[in-house]
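Student: Got a structure for you, written out below as structure tokens; questions coming shortly.
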Amino acid sequence: MTEEEDVVAIPLSALQHWAYCPRQCGLIHIEQAFDDNLHTLRGNALHARVDQPGLQTERGRRVERALPLWHDDLGLIGKADAVEFLPDGSPYPVEYKQGSRHKSAAIAACDDLQLAAQALCLEAMTGHAVPEGAIFYASSKRRRVVPVTDALRAQVADTRAAVAAQLALGRLPPPLTGELAAQRCKPCSLRDRCQPEAAKSAALAQLRRRLFDPDDET
Ligand code: SF4
């Protein structure tokens, strides 16, 4: 890490955005763009419910909500939805996500990266090891335990470096292509902004299908 990067604190959410799509990360963190769609509105509503700063006790564990996080050496900053504290004082991060726990492995991996980054921050802040945390899925109301493996830890550092380099460049990465685009662009709230022509053609194609085939619900 260069001396200049040392002082740049990268938002934890940027790692998740980058893992999902580097261009989405650039649109949000370089161009400060954010458009809502159904997915983001559901996510916002969920976080409005859980992100009220506060302290409570659940299942015998102290729980801090909306806890600010940072890692000065790695250059990360952000917030945890909830951190449970075990009886020995070890923190256990819990990140809330909309949807069900049966997400595709590739999308779940983006969430895992964000959780691992929170774990590294908590280790640096408290001096306790954080070997695992959990993602709580609002639709299925189930947790998925995420072990904070060496591979995830390395991925946090690599992704942080990639995001910092892109932010320093101040240039948007290219759009996704192929299979990745097919999986990720449709639910992306920034699609209109990212690829206005493609979004317009898709909307026209949908309109045409509905006009000539009223049973078509695609
Ligand atoms: S529309 Fe696709 S390429 Fe563009 S920001 Fe969203 S996911 Fe990335």
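Student: Residue by residue, what Karplus-based ³J(HN,Hα) values in Hz, rounded to whole numbers, does the range 64-80 have, using 6.51, -1.76 and 1.60 with θ = phi - 60° and x for Gly and Pro?
Tutor: Result, ordered by residue: 9, 9, 6, 7, x, 10, 7, 9, 5, 5, 7, x, 10, 8, x, 8, 9 Hz.
Student: Moving to a separate point now. So what are the ³J(HN,Hα) numbers for the range 89-101, from phi and the Karplus equation (6.51, -1.76, 1.60; θ = phi - 60°), rounded to whole Hz, Gly and Pro as x?
Tutor: Computed from phi, the couplings for the range 89-101 are x, 5, x, 9, x, 10, 9, 9, 10, 6, x, 9, 6 Hz.
Student: Now for a different question. Collect residues whose amide H, placed 1.01 Å from N in the peptide plane, falls under 5 Å from the amide H of ILE10; neighbours closer than 5 in sequence don't count.
Tutor: LEU76, ILE77
Student: Hey, can you find the accessible area per residue of the range 3-173 for me, probe 1.4 Å, expressed in square angstrom?
Tutor: 49 Å²
Student: Using the Cα atoms of the range 56-164, I'd like the radius of gyration and the largest Cα-Cα distance, Dmax, both in angstrom.
Tutor: Reported Rg and Dmax, both Å: 13.4, 40.
Student: While we're on this one: Can you compute the charge dipole magnitude of the range 3-173 about its Cα centre, using +1 on each Lys and Arg Cβ and -1 on each Asp and Glu Cβ, nothing else charged? Give it in debye, rounded to the nearest 20.
Tutor: So the dipole magnitude of the range 3-173 works out to roughly 1020 debye.
The values are calculated or read from the model by the stated rules, or taken from the named source; none is laboratory data. These figures come from a predicted structure and were not determined experimentally. Here the Cβ is made from the backbone with ideal geometry for all residues, glycine too, and neighbour counts use every protein chain on show. Calculation scope for accessible area: heavy atoms of the full protein, side chains included, ligands and nucleic acids excluded. Shrake-Rupley method; radii C 1.70, N 1.55, O 1.52, S 1.80 Å.
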